[in-house]
Amino acid sequence: MIMDAMGAFLRTLVCLVIAAMAGGLGAVRAEVRAVDAERDLERQPTWSSPAAADVERRLFEWLERSPASPEAREAARAVWADDAAIPDVLDRVLAACAAADPRCAAIVDDVDADHGWLADTAVDPFARDAVRLWLGRECVRRDRFDDGLALLADLDVATAVDPAALLFHRAACQHWLLDADAAAESLDRLLERSGEIPVRYERVARLLRADLAALEEESLDHIARRMRDITRRLDQGRAGPRTRAVQDGVIESLDTLIAKLEDQQQQSQSGGGGGAGSGRGGQGKPMDDSRIADGKGPGEVARRELGGTDGWGNLPPHERDEALQQIGREFPAHYREAIEQYFKRLAAGADGP
């Protein structure tokens, strides 16, 4: 950033000198204005929040197009006008829509109500997209991130009645489901309006962005998050194919991680003539620097497998214990406890949707 600004300044300064020598101060001013305009363009966010008057106009136009009765339309206008009772724009739009459309009212009353009509492209896009945004936000609040992302993924920020809510809750779904690139893109777009968006959005968005920057794929932290997602799915009674696919991925990652640890241990033992703890005194303590190691261990470690495509939740106790012990040698105790609890949850899970 600093180098870019310095480069732009030097280019402007060179233009000033050349133009002054040639007597072309008018050209200099034009060049400076062009540079300033380019900088302003680079700072322009890619989205903006609609004014309340614009949302009102679109809502009232939808009411005129809807088959609602005159009384229902008047009730919807009254709901919209009472911003003191419902200050949140998205909530107020949905309350107004619910006053005029029974389908919207059913969803506001029960988020699990039938909403198949939202996939119908013949439905008026204003109400359809507003309901999808509201329902997606409610799914996020209930930890139903898969459902939320399905509703929010293809909504257009340019036409959303609350684009900040759309970007924030879409990013929340992507972050939880570990779609790091998509989450980073959503968070960066949200933060383009830093200082204008709700403070809670901005602060959480910055925390999520920093978290993504520190997350290393296939690390134990990454695996633990996928385990947490499986736990969430099982708590919601979802043990179907999608959940099992995540489970298979976790087991594969654990297999790879344990194999890597065993390789490291084998290399350490074979390269150090037995390594720490193999000399007199043992007990896993490092050997004194003043003594020569006399261990003669072969450095061979048997491969362990956590499971295959079948029986992923029912490892034999001795194999599970050996896997946990292997993890426990290299990582803090709370990781071992988390993984142990994970396997217990898997063993108790049942097939579902």
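At a glance:
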| quantity | calculated |
| --- | --- |
| Residue-wise HN-Hα coupling along the stretch 240-251, computed from phi with Karplus coefficients 6.51, -1.76, 1.60 (Hz; x: Gly, Pro) | x, x, 5, 5, 5, 5, 5, 4, 4, x, 5, 5 |
| Residue order, fewest to most surrounding Cβ atoms within 10 angstrom, among VAL108, VAL199, VAL123 | VAL199, VAL123, VAL108 |
| Cα centroid of the stretch 220-252 to Cα centroid of the stretch 89-139, whole Å | 30 Å |
| Neighbour-count ranking [beta-carbon atoms within 10 angstrom, fewest first] of TRP134, TRP176, TRP47 | TRP47, TRP176, TRP134 |
| For HIS175, net neighbour charge (Lys/Arg +1, Asp/Glu -1) across residues whose Cβ lies under 10 Å away | +1 |
| Simple label model, 7 Å out from Cα along Cβ direction - ARG65 to ARG77, nm | 1.9 nm |
| J(HN,Hα) series, the stretch 65-74, from Karplus relation 6.51 cos²θ - 1.76 cosθ + 1.60, nearest Hz, glycine and proline x | 7, 6, x, 5, 6, x, 5, 5, 5, 5 |
| Where labels lie 7 Å past Cα in the beta-carbon direction, separation of ASP211 and ALA52 in nm | 3.3 nm |
| Gain upon complete extension [LEU118, ALA245; 0.36 nm per residue less C-alpha separation] | 42.9 nm |
| Inter-label distance, nm, simple model (7 Å from Cα along the C-beta direction), LYS260/SER194 | 3.2 nm |
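Just so you know, all these numbers are worked out from the coordinates, no wet-lab data involved. This is a predicted model, so every value here is computed, not measured. Using ideal geometry, Cβ is built from the backbone for each residue, glycine included, and neighbour counts are taken over all protein chains shown.
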